[in-house]
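*Asks:* Here you go, one structure.
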Amino acid sequence: MESYSAAWRRFRENRAAVLACLIVAAVVLLALVGPLVNPNHGDALDWQAVAVAPTRLHAHWFGTDRLGRDLFVRTLEGTQVSLLVGLIATLMSLVFGISYGAVAGFAGGRTDNVMMRIIEIVSGLPLVFFVIVVGVLFGRGPVLLFVSIGAVSWLTTARIVRGQTLSIVRQPYIEAAIAAGAPPSRIIYRHVIPNLLGPVVVYATLSIPQIMLFESFLSFLGLGIQEPNASLGTLVSQGVGDMEAASWILLVPGSLLALLLVALNIFGDGLRDALDVKEA
Amino acid sequence: MHPALRIDNFSVRFERGDSSTMAVREVSLQVEAGECVALVGESGSGKTQLFMAAFGLASSQARVEGSVRYFGEELLHAPQAVLNRVRGAGIAMVFQDPMNALTPHLSIGAQLIEVLAVHGGAPREAARSAALAMLERVGVDEPARRMRQYPHELSGGQRQRVLIAMGLLGAPKLLVADEPTTALDVHVQAQVLELLQRLRQETKLALIFISHDLAVVAGVADRIMVMYAGRIVESAASGALLRSPRHPYSAALIRCMPSMRSPVAARMATLPGYPPRAGDLIAGCAFAPRCPKAQARCVSERPPLIADARGSIACHFPEAP
Amino acid sequence: MLRYFLSRLAAAIPTLFLIVTATFFLMRAAPGGPFDQDQALPPEIYANLQRAYGLDRPVWQQYGRYLNNLLHGDFGPSFRYKDFTVTELIAQGFPVTLELGVIAMLLALCIGIPLGVFAALNHNGGLDHLTMVLAVSGIAVPSFVLLPFLGLVFGVHLHWLPVAGWEDGAARYLVLPVIALSLPPLAYIARLTRGSMLEVLAMDYIRTARAKGVPLRQLIMRHALKPALIPVASFLVPAVAAVMTGSLVVESIAGLPGIGRYLVQGALNRDYTLVLGMVILYSTLLIGMGLAVDLLYAWLDPRLRTA
């Protein structure tokens, strides 16, 4: 489509977004490759070097934590975990949100009314508190983490997708196709989904940092990723405890988390402007 | 005595990113106190942008050049304080499309009284009764109730009348009305036009009508200026222009007037093609691609606007008067 | 409008009921109970405790009794903080949480809105770009990262402000938590205000007002601000929710004696009544905020008054 090449041009002209995109790419690459090239192992305890500060000469580039674990490797592995959780939970919220929204928008009428009313009620609930309570009560496995994050974030996706679907279905050529007896599955597949691509990509890109933030929040509370694994949120939470004596244990994962989230947001905003998607 | 409005060599350019479009090109015009002139052209000809930009109401991307003088006072690039003093009191503007032209969360009364309030005028009670009286004069029924109502509670025609009342409330010396009567029914239209005529005589109000329709302005304007693609292409006294237009574009507009139109003639008179877009570079006459009389010279060389006893004309091959 | 508001008010009660019911049964469905500790209690003491708190009865009976007490304004005793009722615990901590939250929200509104307005007036200028950078960072950086960073800079290194503590609510202990808590909503509000102000400034009625000679200040305050604030009003409920959840971590990092700790601690301890009390409090606040926003809409836009 010609609109995509125009969008690509607009995106390239947005220097902040391009820079953010490069930063995200660099962080992802570093997270994937970094732990491999560093001689230290993430959960190896180095009792000769407990909570040492980062120095260039030292074997531990970013220092170590309380248990003598290499912070460079641990932070990058934490980044991997955070990114993975962000991706999987976003995917889950997308799959559920898109199906729900597409069905509501395509069905229209009463079905749509009821489905939208449900969304309205659910979004009025203090879901975050539920997630916290459920997380505490029913153990803290990764599955529950994905489900609870997905449960909170699918609402917006569903709303966006439903609005888009409605406006697409009302296009004269779609109305004509429906009247001519084209099967709904074909219309959804051929017309609705391709037209949803732009907004959904934009929304997904903006969701990833939000979900990563939420995951790190849960992990900070001790409800997310459990030891010996760690996400950036877990690492920040550990760093806070030691911050006065060994600030780098907080600063290293904290800065990386902040950098990654800011870059992902700017990248998502740039994508939104380039694809000209209205803010939800 | 200075003319009410004198515009010289006025151009408006819009800059978006690295592209720039020319909405108004080197326009000069003059309106005397008590005079009524009409500016006619298709939508997109720049006639609205001309006055918006002249009075500092265009968007921030607009770049203006030239000179705009109100009774001798330069308005272009004047400080905001000067513009705010002149706008609403000396120069009033009535806009078309009354849908969104009134602030939704302020009552009609509040918006009318504001005109007098910002120009440091009458005490509140006096302003209120002045607003009430003006609503009545422009044909708003139940003015006292309307004062308390919000814009969304009024019909489109009512809102248009409120806008006219708002324009007249500051006792302006110059009124620019952009398609002011299109939303009104014939009876109210006549009433408003009569009120404007009376104000012209009583207060020497200078009137500028902006319209895409010659028929609307034919009866009221002393002088008609025809605008095409950001330029004035012909200007003459109303009667002369309507009787014997010199520019082929003016002639085409006149042929499109409903009163001149028999069913067969109407079909023949529709103007083929479209006006150029504001961003296009035009070497010759902008109308040449649509002009039945165009020749090679029209495409390559732009005809200058030449003033004479009858008005002014920009055409290499004008019709003989 | 009044009818709409009353219907929303009426809908709030079943919603609350639903929340209470869901939370109640969720808690009971979870493994473990309030008296299952690391060291098992002697069976007779355990049974006595269960009986004393009515946990030996069928769940639906407990539910009925709880609802009945609730209707009489009794949130029940805490199962873990012995000698305290839930009401007492909340009454002790809530003023701290409320103070923190209200100041953070006010700060977010009082700085976010003007920032957004000035950014819009300075469209594509330096202040505009600066605001957008601040907005993106504020939205992206979580308060539990920001607060420790602020603590490091202003507490550990500069010694200007305490890193954590309370001391009966001395203002300097609140400064950093309030900043950390208010920055995300502040950033979001600034961005929303800027966007909607740009849209409003392009409206026809702004042109009409300018044509009347209305000076800039009055143009913004009288004509543009109210419509531009409608998206901000819509954001108030999520903002309050964000400040509430943010204060869970901010209180724990800064060592403030608010009620934030009760939610997670209460759930960990299976302190059924305390968690229910917290959920009811938070839900009521959010639903109340939603109702307030409905009224706010009517004030901002008269078209919604007749609807």
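*Asks:* Please specify each residue of region B:221-241 satisfying the condition of being touching a strand residue (DSSP E or B) at 6+ places or on another chain (Cβ under 9 Å) and surrounded by fewer than 18 Cβ atoms within 10 Å (Cβ to Cβ).
*Replies:* If the condition is that a residue be touching a strand residue (DSSP E or B) at 6+ places or on another chain (Cβ under 9 Å) and surrounded by fewer than 18 Cβ atoms within 10 Å (Cβ to Cβ), then B:D222, B:A237, B:A240 are the ones that fit.
*Asks:* Restricting to region B:85-105, name every residue that is assigned to a loop (DSSP other than H, G, I, E, B), facing another protein chain (nearest Cβ under 7 Å) and buried (at least 16 other Cβ atoms within 10 Å of the Cβ).
*Replies:* Once the filter is applied, which keeps residues that are assigned to a loop (DSSP other than H, G, I, E, B), facing another protein chain (nearest Cβ under 7 Å) and buried (at least 16 other Cβ atoms within 10 Å of the Cβ), region B:85-105 yields B:G88, B:A89, B:F95, B:N100, B:A101, B:L102, B:T103, B:P104, B:H105.
*Asks:* In region C:141-149, is there at least one residue being touching a Gly at 6+ places or on another chain (Cβ under 6 Å), more than 14 Å from chain B (Cβ to nearest Cβ) and without any contact (Cβ under 8 Å) to a residue 24 or more places away in the chain? Quick ask: steps written out before the conclusion?
*Replies:* At the first step, the residues of region C:141-149 found to be touching a Gly at 6+ places or on another chain (Cβ under 6 Å) are C:143, C:145.
With the extra rule that they be more than 14 Å from chain B (Cβ to nearest Cβ), the set shrinks to C:143, C:145.
Filter once more, keeping what is without any contact (Cβ under 8 Å) to a residue 24 or more places away in the chain: C:145.
Yes, region C:141-149 contains at least one residue that is touching a Gly at 6+ places or on another chain (Cβ under 6 Å), more than 14 Å from chain B (Cβ to nearest Cβ) and without any contact (Cβ under 8 Å) to a residue 24 or more places away in the chain.
*Asks:* Another question, then. Which one of B:L205, B:L163, B:L116, B:L169 is buried (at least 23 other Cβ atoms within 10 Å of the Cβ), under 30 Å from B:E73 (Cα atoms) and away from every other protein chain (no Cβ under 14 Å)?
*Replies:* Only one candidate qualifies: B:L205.
*Asks:* Could you grab me the full set of residues in region A:230-241 that are farther than 25 Å from A:L22 by Cβ and more than 10 Å from every other protein chain (Cβ to nearest Cβ)?
*Replies:* Within region A:230-241, A:A230, A:T234, A:Q238 meet the criteria.
*Asks:* Here's another thing I want to ask about it. Out of (1) closer than 24 Å to A:I119 by Cβ; (2) surrounded by 11 or more Cβ atoms within 10 Å (Cβ to Cβ), the odd one out for A:S185 is which?
*Replies:* Every listed condition holds for A:S185 apart from (2).
*Asks:* Continuing with this model, one more query. Take the residues of region A:111-125 that are at the interface with another protein chain (Cβ under 8 Å from one of its Cβ atoms) and in a helix (DSSP H, G or I): which is farthest from A:F217 (Cα to Cα)?
*Replies:* A:I121
*Asks:* Sticking with this one: Of all residues in region C:189-215 being part of a helix (DSSP H, G or I) and within 7 Å of chain B (Cβ to nearest Cβ), which is surrounded by the most Cβ atoms within 10 Å (Cβ to Cβ)?
*Replies:* C:A209
*Asks:* Additional query: Tell me which residues, restricted to region C:195-224, are within 33 Å of the chain's Cα centre (by Cα), farther than 18 Å from B:V118 by Cα and of a type in the set (A, V, I, L, M).
*Replies:* Passing the criteria: C:M197, C:L198, C:V200, C:L201.
*Asks:* Being surrounded by 14 or more Cβ atoms within 10 Å (Cβ to Cβ), modelled with pLDDT of 75 or more and not aromatic (F, W, Y), is that true of even one residue in region A:30-52?
*Replies:* Yes - at least one qualifying residue is present in region A:30-52.
*Asks:* Considering each residue of region C:188-218, count those that are within 17 Å of B:F95 (Cα to Cα), of a type in the set (A, V, I, L, M) and without any contact (Cβ under 8 Å) to a residue 60 or more places away in the chain, and give that number.
*Replies:* 6
*Asks:* Being away from chain A (no Cβ under 12 Å) and either within 29 Å of C:R191 (Cβ to Cβ) or assigned to a helix (DSSP H, G or I) (or both) is the filter here, so list the residues in region C:248-276 that pass it.
*Replies:* Those that are away from chain A (no Cβ under 12 Å) and either within 29 Å of C:R191 (Cβ to Cβ) or assigned to a helix (DSSP H, G or I) (or both): C:L256, C:G258, C:T273.
*Asks:* Among the residues of region A:211-225, is there at least one that is touching an Asp or Glu at 6+ places or on another chain (Cβ under 7 Å) and either at positive phi or surrounded by fewer than 16 Cβ atoms within 10 Å (Cβ to Cβ) (or both)?
*Replies:* no
*Asks:* Within region A:126-142, can one find any residue that is aromatic (F, W, Y), assigned to a loop (DSSP other than H, G, I, E, B) and over 17 Å from A:S93 (Cα atoms)?
*Replies:* Within region A:126-142 (the criterion being aromatic (F, W, Y), assigned to a loop (DSSP other than H, G, I, E, B) and over 17 Å from A:S93 (Cα atoms)), the answer is yes, since at least one residue qualifies.
*Asks:* Please work out which one of (1) modelled with pLDDT under 85; (2) at the interface with another protein chain (Cβ under 10 Å from one of its Cβ atoms); (3) part of a helix (DSSP H, G or I) is the condition C:V163 fails and give its number.
*Replies:* Against the list (1) modelled with pLDDT under 85; (2) at the interface with another protein chain (Cβ under 10 Å from one of its Cβ atoms); (3) part of a helix (DSSP H, G or I), C:V163 comes up short only on (3).
*Asks:* Among the aliphatic types (A, V, I, L, M), within 14 Å of chain B (Cβ to nearest Cβ) and more than 20 Å from A:F220 (Cβ to Cβ): is that true of C:A228 in this structure?
*Replies:* Yes; evaluated as a whole, the condition is true for this residue.
*Asks:* Filter region C:1-57 down to the residues that are surrounded by 14 or more Cβ atoms within 10 Å (Cβ to Cβ), in a loop (DSSP other than H, G, I, E, B) and in contact (Cβ under 8 Å) with a residue 24 or more places away in the chain and list them by number.
*Replies:* Selection gives C:M1, C:A30, C:G33, C:P34, C:F35, C:Y53.
*Asks:* Looking only at region C:43-93, which residues are under 32 Å from the mean Cα position of the chain (by Cα) and of a type in the set (K, R)?
*Replies:* Scanning region C:43-93 gives C:R65, C:R80, C:K82.
*Asks:* State all residues of region C:1-35 that are of a type in the set (D, E, K, R) and away from every other protein chain (no Cβ under 13 Å); if no residue qualifies, say none.
*Replies:* Hit for region C:1-35 is C:R3, nothing else.
*Asks:* Please go through region A:129-148 and pick out each residue that is hydrophobic (A, V, I, L, M, F, W, C), in contact (Cβ under 8 Å) with a residue 40 or more places away in the chain and under 18 Å from C:M244 (Cβ atoms).
*Replies:* A:V131, A:I132, A:V136
*Asks:* State whether the residues of region B:75-84 include one that is in a loop (DSSP other than H, G, I, E, B), closer than 25 Å to C:R217 by Cα and within 11 Å of another protein chain (Cβ to nearest Cβ). First the steps, then the outcome.
*Replies:* Applying the first criterion (in a loop (DSSP other than H, G, I, E, B)) to region B:75-84 yields B:75-79.
Keeping just the survivors that are closer than 25 Å to C:R217 by Cα gives B:75-79.
This time we only want the ones that are within 11 Å of another protein chain (Cβ to nearest Cβ), so: none.
No, region B:75-84 contains no residue that is in a loop (DSSP other than H, G, I, E, B), closer than 25 Å to C:R217 by Cα and within 11 Å of another protein chain (Cβ to nearest Cβ).
*Asks:* Within region B:217-244, work out how many residues are closer than 14 Å to B:A38 by Cβ and part of a loop (DSSP other than H, G, I, E, B).
*Replies:* 4
Per-residue answers, yes or no, for (1) modelled with pLDDT of 85 or more; (2) under 27 Å from A:L223 (Cβ atoms); (3) touching a strand residue (DSSP E or B) at 6+ places or on another chain (Cβ under 6 Å):
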site: C:Q265; (1), (2), (3): no, yes, no
site: C:M278; (1), (2), (3): yes, yes, no
site: C:L285; (1), (2), (3): yes, yes, no
site: C:G290; (1), (2), (3): yes, yes, no
site: C:Y297; (1), (2), (3): yes, no, no
site: C:L300; (1), (2), (3): yes, no, no
site: C:R305; (1), (2), (3): no, no, no
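Results for (1) over 30 Å from C:V264 (Cα atoms); (2) within 11 Å of chain C (Cβ to nearest Cβ); (3) in a helix (DSSP H, G or I), shown as yes or no for each residue.
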{"residue": "A:L213", "(1), (2), (3)": "no, yes, yes"}
{"residue": "A:F217", "(1), (2), (3)": "no, yes, yes"}
{"residue": "A:P228", "(1), (2), (3)": "no, no, no"}
{"residue": "A:V252", "(1), (2), (3)": "no, no, yes"}
{"residue": "A:L257", "(1), (2), (3)": "no, yes, yes"}
{"residue": "A:F267", "(1), (2), (3)": "yes, yes, yes"}
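The values are calculated or read from the model by the stated rules, or taken from the named source; none is laboratory data. Keep in mind that what you see is a predicted model, and the values were worked out from it rather than measured. Backbone-built Cβ (ideal geometry, glycine too); neighbour counts: all protein chains shown.
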